[in-house]
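Colleague: This is the structure I have questions about; it appears just below.
What follows is calculated from the coordinates using simple rules that are stated; it is not laboratory data. Here the structure is a predicted model, which means the values were calculated and not measured. As a convention, Cβ positions derive from the backbone with ideal geometry for all residues, glycine included, and neighbour counts pool all protein chains shown.
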């Protein structure tokens, strides 16, 4: 775990005084630890599978540990579902679909979904703490972003449940059946909400597989669903690794597969279900361009760059991982970015002042380290924020590279960590060309004071989401999804309903 | 008016280190590479009367993102020792203020005593940085504060509106300094700012700076009257370029007065000026800061925008009257574990 910190370069004195002009973000008034207490949080020592409204022991007989990536402590053991377990879950979902859910009036489905939304709000504090313990993200993010958005997705889709006939003008809709949903580890509960809420609203039943490293909040959500007294089998949660996911995606009685995760796994799933009746939506990787023009609101753009790449340790598929900056303001932006990064606080995810938490897993840390090493080998100049790294757990300091070119690996491959690659451009069209010069197309950001330029860029950029003078903003009313190898299908908004409906 | 400014603009471009590039035949080989300063905005010029400020285009400000950042810094969790140290710092940074038509020597004297010893049972608390009064009360305040470190700040330049001829404003300033004021809190001509007469704004500040002599100059922008963050940014840069030692948000007579986003923006201008020149300008939010919690929020803005060097009364002040007792109440709460009654703190 020995990371070498790039030493902060001495600043150039700009005046004849010879004084060093550098801001000092030191210890003059340091913040004392402000930990969110996990005392009232209850995590079971072991979790079974939630199938048919009951908690069952896996037929596989196997369990695996889930750990806190900031301390490497074991939090709990969860069931490792095999193909038989998945089959049980799909059968339960099918029965629930035939018996209850497909026959229920939309207004009645809505009541259940609203109930889940309210319960998430009531238990928000507990869920936020568990999210930060299991996944490593700062409590301020799980508290202020993940949890409110998760509840908002249930509220929003509950509202649609009895209005689906008006969603696609003049066209009738019907539900699909059983949805098999596989979600990633970067926003565990929020991704569960993105998947489950529209599926239920549209009259489908669900088998959801949370990510191997972050199963706990999905299991707490299963308890909420149990307490909300949904008919048994409407939502089933099966935990496990890649094999569990493969069994779910390839199960013959699943009508719809929804996957969020890496592009390589997404491709495997698409291959596996090719030629079947199954519907598919994929939300995969990204290498988003965050484009800063010289006429941008510079200080706010610097905040937006930080939010774009260091939010959730960069474990964000739509992260602004390629900074395209107009060459005339490159040096200014880099200087300001360094000073802004000097104030980022890395440490315990449960500390309310932590800005950057732990890397989600050992494997992901190794992936980040490998790509950062590749960037250094290619001669790019690395800068890492001067954060002391805790001795236990998985950590990587906020980092950026300058001097990269479009052909650098760090400019092409998704790093999925707190690592920014800075590139320059000269004209808007060059910015468009470079932004689109990627196999991905999930998101992009544009920073300029000129409204017309934002609209011009938005028409040219091949990305599913384009933010103007902001970044990483999410709302259940706004469709989210990608172009090219970032996947297809939309989640959220009216457009997101189409992924869970047959539109006749 | 406009045309004459354009002319003076060109004349002054060389003053701020830029030259018009005219391509001549022997320039085709290109100029030798030059070390360009990264931050060109607001190079300091302490011009006298008649100075003009060049046309300038400061970076744009995005209101939504600015407000979001200011609000996010209000979420820092400050506990225990951090809170105590912050509260003590806030007291040391306070310009205890009374600016009323009904101010009297008695009132001002009591305020001076409060500034010297904010908490009668704990002499380690305080003193405040300064007291801020009208010119007529400078002599009283100066006498009452003799032997202490508490400075006397006087408002001047036809405070609060600034709607008087320049010679009156300058006389106002000189008299306040003659009476013994250590610091002058002037107001800018907001009317001139809003019609785009930046030269007038600049010249008046520069002239006031000259009239201040040794006294420190704080320039009040009255941000609540400027209407947008872009204009506030421009006014901040003008004030600094014209010689301000501090820039200050408000008179306290207009709502809204100081707000976290406005303060953050002004701190960012100060940062750009520091990058460009190495010179540290001070900041004073005034008006509307009433609670200890608000004061700590402002300190977080300073700490995370400008860093350690600005966490001192030399470079950051609060202009307030009601704030002190709330901070004292929080200090006593930290010390004793209980909130004291409001009447346990002197109301001066």
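Colleague: Using mean Cβ contacts within 10 Å as the protection proxy, how do A:382-394, B:329-341 order, highest first? Walk me through the intermediate numbers first.
Modeller: Numbers: A:382-394: 17.7, B:329-341: 13.8.
Final packing ranking: A:382-394, B:329-341.
Colleague: Could you order the peptides A:199-208, B:224-233 from most to least packed, using the average number of other C-beta atoms within 10 Å per residue?
Modeller: Numbers: A:199-208: 27.0, B:224-233: 19.0.
Per-residue mean Cβ counts within 10 Å order the peptides as A:199-208, B:224-233.
Colleague: Order of A:436-442, B:204-210 by packing, highest average Cβ count within 10 Å first? Could the numbers behind the result be given before it?
Modeller: Values: A:436-442: 21.1, B:204-210: 23.4.
Most protected by this proxy first, the peptides run B:204-210, A:436-442.
Colleague: Subtract the Cα-Cα distance of residue B:254 and residue B:314 from 0.36 nm times their separation in residues, and report this length gain in nm to one decimal.
Modeller: On the way: separation 60, 0.36 × 60 = 21.60 nm, distance 2.58 nm.
Result for the pair: 19.0 nm of gain on full extension.
Colleague: With just the Cα atoms of segment B:63-336, tell me how far they stretch along each of the three principal axes, in Å, largest first.
Modeller: Here the spans come out as 54, 46, 33 Å, largest first.
Colleague: So, in Å, what gap is there between the alpha-carbon centers of segment B:292-348 and segment B:171-213?
Modeller: Answer, in whole Å: 29.
Colleague: How much mean residue ellipticity at 222 nm does the protein assembly as shown get from its helices, if each DSSP H run of length 4 or more adds -39500 (n - 2.57) and you divide by all residues, to the nearest 500 deg cm²/dmol? Mind showing how you got there, number by number?
Modeller: Numbers: 27 runs with 318 residues, N = 852.
The helix-only estimate for the protein assembly as shown comes to -11500 deg cm²/dmol at 222 nm.
Colleague: Taking only Cα atoms, what is the 0 to 90° angle, nearest 10, from helix A:263-273's long axis to the longest principal axis of chain A?
Modeller: Around 20 degrees separate the two axes.
Colleague: Set the Förster distance to 25 Å, then compute FRET efficiency between residue A:478 and residue A:429 from the Cβ-Cβ distance, nearest 0.05.
Modeller: Numbers: r = 27 Å, r/R0 = 1.10.
So the FRET efficiency works out to roughly 0.35.
Colleague: Using alpha carbons only, how many angstrom separate the centre of segment A:296-374 from the centre of segment A:221-244?
Modeller: 35
Colleague: Within a 10 angstrom radius of the beta carbon, how do A:62, A:268 rank from fewest other beta carbons to most? Numbers along the way, then the final one.
Modeller: On the way: A:62 13, A:268 16.
Ascending Cβ contact count within 10 Å gives the list A:62, A:268.
Colleague: Just checking the output field for B:63-70: average partner chain Cβ neighbours within 10 Å of each residue's Cβ?
Modeller: Numbers: counts 3, 5, 12, 4, 1, 6, 8, 0.
The per-residue average across the peptide is 5.
Colleague: Here's a follow-up. So for the pair residue A:42, residue A:389, with labels modelled 7 Å out along Cα→Cβ, what separation do we get in nm?
Modeller: 3.9
Colleague: Could you tell me the center-to-center distance, by alpha carbons, between segment A:407-470 and segment A:159-191 in angstrom?
Modeller: 30
Colleague: Which whole number gives the average count of other chain Cβ atoms within 10 Å of the Cβ atoms across peptide B:273-285?
Modeller: Numbers: counts 0, 4, 9, 3, 4, 11, 4, 1, 0, 0, 0, 0, 0.
Per-residue shielding by partner chains comes out at 3.
Colleague: Using a 10 Å cut-off on Cβ to Cβ distances, tally the other chain neighbours for every residue of B:300-309 and report the average as a whole number. Walk me through the intermediate numbers first.
Modeller: On the way: counts 3, 0, 1, 7, 7, 6, 4, 9, 8, 6.
Mean shielding by partner chains, rounded to a whole number: 5.
Colleague: In addition: Which three lengths, in whole Å and largest first, does the protein assembly as shown cover when its Cα atoms are put on their principal axes?
Modeller: 92, 80, 58
Colleague: Also, I was wondering about something else. Can you pull a Stokes-Einstein diffusion coefficient for segment A:289-468 at 20 °C (1.002 mPa s), Rh from Kirkwood over Cα pairs, as a whole number of µm²/s?
Modeller: Numbers: Rh = 16.4 Å.
Result for D is 131 µm²/s.
Colleague: Let me check the size of segment A:162-293 from its C-alpha atoms; what are the radius of gyration and Dmax in Å?
Modeller: 15.8, 54
Colleague: Quick one: angle between helix A:124-135 and the longest Cα principal axis of chain A, in degrees between 0 and 90, rounded to 10, please.
Modeller: The two axes meet at around 70 degrees.
Colleague: Cut-off is 10 Å between beta-carbons; in what order do B:75, A:335 appear when sorted fewest neighbours first?
Modeller: On the way: B:75 13, A:335 17.
In order of increasing Cβ crowding within 10 Å: B:75, A:335.
Colleague: Normalised by the empirical 2.2 N^0.38 Å for globular proteins, what value does the Cα Rg of chain A take? Before the final figure, lay out the partial values.
Modeller: Working: Rg = 23.1 Å, N = 504, 2.2 N^0.38 = 23.4 Å.
With N residues counted in chain A, Rg over 2.2 N^0.38 Å equals 0.98.
Colleague: Sticking with this structure for a sec: Gain in length, residue A:32 to residue A:328, computed as 0.36 nm per residue apart minus the alpha-carbon separation, to one decimal in nm?
Modeller: On the way: separation 296, 0.36 × 296 = 106.56 nm, distance 4.01 nm.
Between residue A:32 and residue A:328, full extension yields an extra 102.6 nm.
Colleague: What angle, in degrees between 0 and 90 and rounded to the nearest 10, separates the Cα long axis of helix A:298-310 from the longest principal axis of the Cα atoms of chain A?
Modeller: That works out to roughly 50 degrees.
Colleague: Compute the FRET efficiency between residue A:455 and residue B:333 as 1/(1 + (r/R0)^6), taking r as their Cβ-Cβ distance and R0 = 60 Å, and round to the nearest 0.05. If you can, show how the numbers build up before the last one.
Modeller: On the way: r = 53 Å, r/R0 = 0.88.
Calculated transfer efficiency: 0.70.
Colleague: Okay, moving on. Got a sec? How would A:50, B:345, B:198 order by Cβ neighbour count within 10 Å, fewest to most? Could the numbers behind the result be given before it?
Modeller: Values: A:50 27, B:345 19, B:198 22.
The fewest-first ordering by Cβ neighbours comes to B:345, B:198, A:50.
Colleague: Another question about this same structure. If I model a spin label at residue A:118 and residue B:136 as a point 7 Å from the Cα along the Cα→Cβ vector, what separation in nanometres do I get?
Modeller: In this crude spin-label approximation the distance works out to 6.3 nm.
Colleague: Above 26 Å lies some portion of the pair distances; for segment A:247-368, what is it as a whole percent of all C-alpha pairs? Intermediate results must be reported in sequence, preceding the final value.
Modeller: Numbers: 3144 of 7381 pairs.
I get 43 percent for the Cα pairs in segment A:247-368 exceeding 26 Å.
Colleague: So how far apart, in nm, are the two label points at residue A:271 and residue B:347 if each is 7 Å from Cα heading toward Cβ?
Modeller: Here the modelled spin labels are 7.9 nm apart.
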